[in-house]
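First comes the structure, then the notes that go with it.
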Amino acid sequence: MTTEYKLRMGDGKRIFMTKEQIVADLKEGMADAADLGSIPDLSADEIDKLVDIITMPSRMVGVEQGMEVPVTHDIGTIRIDGDQGNSGVGIPSSRLVGAMMHERAFGADTMELGHIDYSYKPAKPVIAQEMQTMEICQQNMIVPLLYGAMPNMGLYYTPDGPFENPGDLMKAFKIDEARQSMEHSAEHLTRDIVWIMQKMMASGSDGVNFDTIGAAGDGDMYASLHAIEALRKQFPDIYIEAGMAGELMLGMHGELEYDGTTLAGLWPHEQAPLVAKAGANVFGPVVNTNTSKSAAWNLGRAVTFIKAAVEASTLPCHVNMGMGVGGIPMLETPTIDAVSRASKAMVEIAGVDGI
Amino acid sequence: MSKEEMFKELSDAVVTCKKDVVIAAVEKAKGEGIPAPEIIEKGLAAGMNEVGVRFERGKLFLPHVMMAAGAMEEGVKLLEADMPKDAVSKKLGVIVNGTVEGDVHDIGKAIVSTMLQSAGFEVHDIGRDVPLQNFIDKIKETNADMVGLSALMTTTLQGQKDVIEMLKENGMRDDVKVMVGGAPATQAWADKIGADCYAENASEAVVKAKELLV
Ligand code: B12
């Protein structure tokens with residue numbers, strides 16, 4: 001009887017696969033990434049190594065000694081307090097406690113202060129509270145503490161914001177109006193991010209985390225890159241982490257450019273140089289997990305994309321690893337077997353500088 | 001020019017997303033004596049499918065999809081006089097599409113609506129975080145053939161199942177096809193809750209909707 005290994009589907013379901021099936025899925029996932037991104041395949045050695053990682057008997061795996069990388073956390077400050085509906089564990093605690101637990105108990109190398117309504121725009125009305133909390137956290141912590149939120153440009157469209165929803169305009173074939181709406185929204189978003197970060201820097205923040213850049217498409221990325229540029233100019237020492245929302249920059253506008261490059265349609269390895277050009281310190285590439293495919297397929301695909309991004313990036317790459325990204329299944333609490341394997345593969349094969 | 005070449009030219013014209021190019025290609029095809037339904041199905045619609053594929057691959061963007069759909073619509077108008085009477089401006093079907101209650105993610109759902117609309121369906125996008133009863137009400141109001149249910153979180157996926165149950169309770173299940181989607185949804189989930197189909201992305205949603213409704 002052929003040996004079968006325990007794996008996961010992208011939705012977390014337990015499955016069993018033979019080595020041959022694993023190799024076939026890895027190669028298929030890899031080929032999908034190579035085709036979409038016009039990037040190289042993994043080498044035969046790298047595929048062997050991926051197979052080794054996937055088929056290791058231990059439930060949980062770790063990187064080889066000497067290959068440890070820094071881990072940074074996004075909304076971790078409320079991951080303790082928030083319950084499963086918030087991707088957290090539901091233990092009542094303040095944001096300070098959340099941040100200190102990550103620093104002192106979980107070994108986080110940097111932390112982020114985030115607001116429960118985790119976008120820049122809703123942080124504006126509560127900025128005084130954010131400043132006060134930043135100050136108190138800084139007084140109690142050693143690791144770099146950034147302020148972080150999602151650019152989330154959708155909040156500037158009706159019904160949440162002042163500009164007519166481009167989705168509705170587009171459906172009515174009002175393409176120019178839709179584009180103008182996105183351009184106006186982008187301007188406001190840039191302005192809001194810069195304003196919030198001026199306040200947070202005044203309160204001792206070490207920097208800023210842009211979480212899920214491009215979630216609302218190319219306009220969202222356009223606004224974020226301009227905010228990065230402006231912040232770098234105003235605060236030469238600010239530490240800027242630029243994390244993406246998904247693997248492909250969605251072309252909602254289609255014609256927005258940064259530094260002469262059209263933003264729509266960019267894959268991780270093409271996003272990296274623009275993020276560097278804008279003035280960020282760390283690039284956070286993303287690859288989405290396909291819930292209908294196996295962990296082998298997803299990991300083969302994710303590692304191929306991220307390896308190309310690491311090679312193209314002049315900045316350190318801290319790959320996004322969590323539920324539904326980076327080859328990890330989409331579950332509220334992703335299983336340790338899948339998380340640790342995907343993380344090991346990202347460090348040892350894709351060569352990421354951090355997670 | 002062979003018929004096949006003409007179909008290719010029509011399809012390529014749609015992919016350019018330019019109205020003039022599409023109109024010119026349609027005029028030419030008419031001149032060659034190709035029947036209107038074939039010009040639409042094998043030429044223009046094939047081009048629209050290709051646009052969907054390129055969108056999914058990040059080679060064409062949402063405005064292009066709309067421009068291509070607009071150009072195709074102009075092309076179809078030129079053919080209306082030559083179309084069998086009952087086929088004129090008949091929509092492929094009526095679809096109510098929305099994101100289930102408790103879930104505010106609507107970017108993917110909006111793309112699905114746009115692509116379905118550009119493929120020729122009458123789409124009623126009822127938004128995001130939609131109370132489940134509203135799906136039922138809207139289906140009744142529009143006499144919809146299909147309902148699209150989007151959920152982006154494992155925690156809201158259940159809403160898709162609940163709508164199916166509500167359709168049954170209202171005695172409507174046999175008249176309405178149910179299509180589910182969103183990142184956490186899978187074919188296995190669709191089977192489990194008794195949905196008629198699952199689509200991974202917007203262009204697949206168009207293919208599946210056509211399979212079930214056309
Ligand atoms: C953008 C985004 C947001 C934006 C949404 C803005 C908007 N107007 O939509 C905002 C900031 C509001 C947001 C909020 C939250 N989010 Co969010 N968000 C995302 C993100 C980054 C991208 C989603 C997206 O738009 N993708 C792009 C589109 C094009 O793809 P898509 O949606 O998958 O759609 C395609 C297919 O799925 C399919 N499809 C979609 N719908 C349908 C419908 C039908 C009928 C068919 C056939 C097909 C189909 O076709 C589409 C086109 O190809 C994802 C992570 C990710 N990378 O996926 C997290 C994610 C979905 N969010 C998540 C979470 C947890 C939240 C919050 C709870 C966070 C919080 N703690 O507050 C809140 C949710 C609040 C609520 N009650 O809903 C989690 C969900 C995890 C889980 N448990 O399942 C994710 C996976 C991130 C993560 N890993 O933590 N989010």
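The values are calculated or read from the model by the stated rules, or taken from the named source; none is laboratory data. All values derive from a computational prediction rather than experimental measurement. Please note: Cβ atoms are built from the backbone with ideal geometry, for glycine as well, and neighbour counts cover all protein chains shown.
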Legend entry - Conditions (1) within 23 Å of B:Phe7 (Cβ to Cβ); (2) within 11 Å of another protein chain (Cβ to nearest Cβ): number failed by B:Leu116: (1)
Legend entry - When residues of region B:178-198 are limited to those that are surrounded by fewer than 21 Cβ atoms within 10 Å (Cβ to Cβ) and more than 14 Å from chain A (Cβ to nearest Cβ), the one nearest to the ligand (Cβ to nearest atom): B:Asp196
Legend entry - All positions within region A:223-274 that are within 16 Å of the ligand (Cβ to nearest atom) and either closer than 13 Å to A:Glu183 by Cβ or in a helix (DSSP H, G or I) (or both): A:Ala223, A:Ser224, A:Met252, A:His253, A:Gly254, A:Leu263, A:Pro268, A:Gln271
Inset, instruction - Given the conditions (1) away from the ligand (no atom under 14 Å from the Cβ); (2) not assigned by the TED database to the domain that holds B:Lys192, report the number of the one that B:Leu60 does not fulfil. - result: (1)
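Report whether or not A:Asp45 is under 23 Å from the mean Cα position of the chain (by Cα), of a type in the set (Asp, Glu) and more than 14 Å from chain B (Cβ to nearest Cβ).
Against the criterion (under 23 Å from the mean Cα position of the chain (by Cα), of a type in the set (Asp, Glu) and more than 14 Å from chain B (Cβ to nearest Cβ)), A:Asp45 does not qualify.
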Legend entry - Boolean, B:Gly148 is away from chain A (no Cβ under 14 Å), among the small types (Gly, Ala, Ser) and without any contact (Cβ under 8 Å) to a residue 40 or more places away in the chain: no
Legend entry - Filtered residue count, region B:126-137, keeping only those that are more than 15 Å from B:Asp103 (Cα to Cα) and buried (at least 16 other Cβ atoms within 10 Å of the Cβ): 1
Legend entry - Inter-residue pairs, beta-carbon under 7 Å, first away from chain A (no Cβ under 14 Å) and closer than 21 Å to B:Leu152 by Cα and in region B:199-214, second within 6 Å of the ligand (Cβ to nearest atom) and modelled with pLDDT under 95, 6+ apart: B:Ala205/B:Val112
Legend entry - Unique residue being within 16 Å of the ligand (Cβ to nearest atom), over 16 Å from the mean Cα position of the chain (by Cα), within 30 Å of A:Ile15 (Cα to Cα) and away from every other protein chain (no Cβ under 12 Å) when the list is A:Arg341, A:Arg301: A:Arg301
Inset, instruction - For region B:78-86, indicate whether the set of residues that are more than 10 Å from the ligand (Cβ to nearest atom), away from chain A (no Cβ under 14 Å) and assigned to a loop (DSSP other than H, G, I, E, B) is non-empty. - result: yes
Inset, instruction - Taking A:Met221 as the residue in question, decide whether it is surrounded by 24 or more Cβ atoms within 10 Å (Cβ to Cβ) and within 18 Å of A:Ser119 (Cβ to Cβ). - result: yes
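Any idea which of B:Gly148, B:Gly127 is within 20 Å of the chain's Cα centre (by Cα) and in a loop (DSSP other than H, G, I, E, B)?
One residue alone meets the criteria, B:Gly127.
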Inset, instruction - Could you list all residues from region A:332-355 that are touching a Gly at 6+ places or on another chain (Cβ under 8 Å), buried (at least 19 other Cβ atoms within 10 Å of the Cβ) and assigned to a loop (DSSP other than H, G, I, E, B)? - result: A:Pro334
Legend entry - Single match in A:Glu241, A:Glu311, A:Glu229, A:Glu255 (criterion: of a type in the set (D, E, K, R), within 14 Å of another protein chain (Cβ to nearest Cβ) and touching a residue at least 40 places away in the same chain (Cβ under 8 Å)): A:Glu255
Legend entry - Odd one out for A:Asn86 among (1) away from the ligand (no atom under 12 Å from the Cβ); (2) within 14 Å of another protein chain (Cβ to nearest Cβ): (1)
Inset, instruction - Give, as residue ranges, the helices (runs of 4 or more DSSP H) completely inside region A:90-198 that count at least 2 residues that are more than 16 Å from the ligand (Cβ to nearest atom), surrounded by fewer than 22 Cβ atoms within 10 Å (Cβ to Cβ) and not acidic (Asp, Glu). - result: A:95-104, A:127-140
Inset, instruction - Specify which of the listed residues (B:Thr154, B:Thr142, B:Thr114) is near the ligand (Cβ under 8 Å from one of its atoms) and in contact (Cβ under 8 Å) with a residue 24 or more places away in the chain. - result: B:Thr154
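Of all residues in region B:24-62, count the ones that are more than 14 Å from chain A (Cβ to nearest Cβ) and either without any contact (Cβ under 8 Å) to a residue 40 or more places away in the chain or of a type outside the set (Lys, Arg) (or both).
26
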Legend entry - Subset of region B:205-214 (residues that are near the ligand (Cβ under 8 Å from one of its atoms) and either over 16 Å from B:Leu92 (Cβ atoms) or among the basic types (Lys, Arg) (or both)): B:Lys208
Inset, instruction - Provide a single number: the residues in region B:163-177 that are surrounded by fewer than 22 Cβ atoms within 10 Å (Cβ to Cβ) and in contact with a strand residue (DSSP E or B) (Cβ under 8 Å, 6 or more places away or on another chain). - result: 3
